[in-house]
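Report on the structure given below.
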Amino acid sequence: MTVLSTLSKDYGYVVLVGTASTFMVSFLAIQVGRARKKYGVEYPTMYSDSEPEFNCIQRAHQNTLENYPQFLMLLFFSGLENPRAAAGLGGLWVLSRFSYAFGYYSGDPKKRTRGSYGYIGSIGMIYLTVRSALRMLKVIC
């Protein structure tokens, strides 16, 4: 018996969302690289003292990286019992990061809130993860 044989076939949706998220993070990283060239911000400088537009692009990527470990943990654990719901909520979070980034890229940091709908995905995955943990502990049925 393998680990794969113990998982629901629907867990494949969770894996696909996790994979899609790597493309999203890579896309944001590429945008930072392009912005470095455009605004002349050399490595290892993280933020520019003179180019706020660069800082917005860098910050969109950095914020995503700050939240990424939690997202992956919640996605993969919430998907154990509820793979379709977890994949949907995770997909929503991934899409919201594009909205967040493009809002930030406008140069007006307040427009990053266009990605706020991603909290629905995060909170949903937190709920599913905690519920699964309580079921494992036999605290709830």
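Side notes on the structure shown:
Table: residues versus (1) surrounded by 15 or more Cβ atoms within 10 Å (Cβ to Cβ); (2) free of Cβ contacts under 8 Å to residues at least 60 places away in the same chain; (3) more than 28 Å from Tyr127 (Cα to Cα); (4) charged (D, E, K, R).
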residue: Leu16; (1), (2), (3), (4): no, no, no, no
residue: Gly40; (1), (2), (3), (4): no, yes, yes, no
residue: Ser48; (1), (2), (3), (4): yes, yes, yes, no
residue: Leu74; (1), (2), (3), (4): yes, yes, no, no
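- Residue in region 74-82 that is of a type outside the set (Phe, Trp, Tyr), farther than 30 Å from Thr6 by Cα and out of contact with any Ser or Thr (no Cβ under 6 Å at 6 or more places or on another chain) present: no
- Unique residue being hydrophobic (A, V, I, L, M, F, W, C), more than 30 Å from Ser8 (Cβ to Cβ) and over 20 Å from the mean Cα position of the chain (by Cα) when the list is Val139, Val41: Val41
- Taking region 83-111 as the range and being in contact with a Ser or Thr (Cβ under 8 Å, 6 or more places away or on another chain), among the hydrophobic types (A, V, I, L, M, F, W, C) and either free of Cβ contacts under 8 Å to residues at least 60 places away in the same chain or more than 23 Å from Thr6 (Cα to Cα) (or both) as the test, the residues that pass are Ala85, Leu89, Trp93, Val94, Ala101.
- Unique match (being of a type in the set (Phe, Trp, Tyr), exposed (fewer than 14 other Cβ atoms within 10 Å of the Cβ) and either over 22 Å from Val17 (Cβ atoms) or within 17 Å of the chain's Cα centre (by Cα) (or both)) among Tyr119, Tyr100, Tyr104: Tyr119
- Residue within region 68-78 that is farther than 20 Å from Thr129 by Cβ and either at pLDDT below 95 or part of a helix (DSSP H, G or I) (or both) present: no
- Checking each residue in region 18-38 for being more than 16 Å from Ala60 (Cβ to Cβ) and either free of Cβ contacts under 8 Å to residues at least 24 places away in the same chain or exposed (fewer than 14 other Cβ atoms within 10 Å of the Cβ) (or both) picks out Thr19, Thr22, Lys37.
The values are calculated or read from the model by the stated rules, or taken from the named source; none is laboratory data. Note that the structure is a prediction, hence the values are computed from the model and not measured. Using ideal geometry, Cβ is built from the backbone for each residue, glycine included, and neighbour counts are taken over all protein chains shown.
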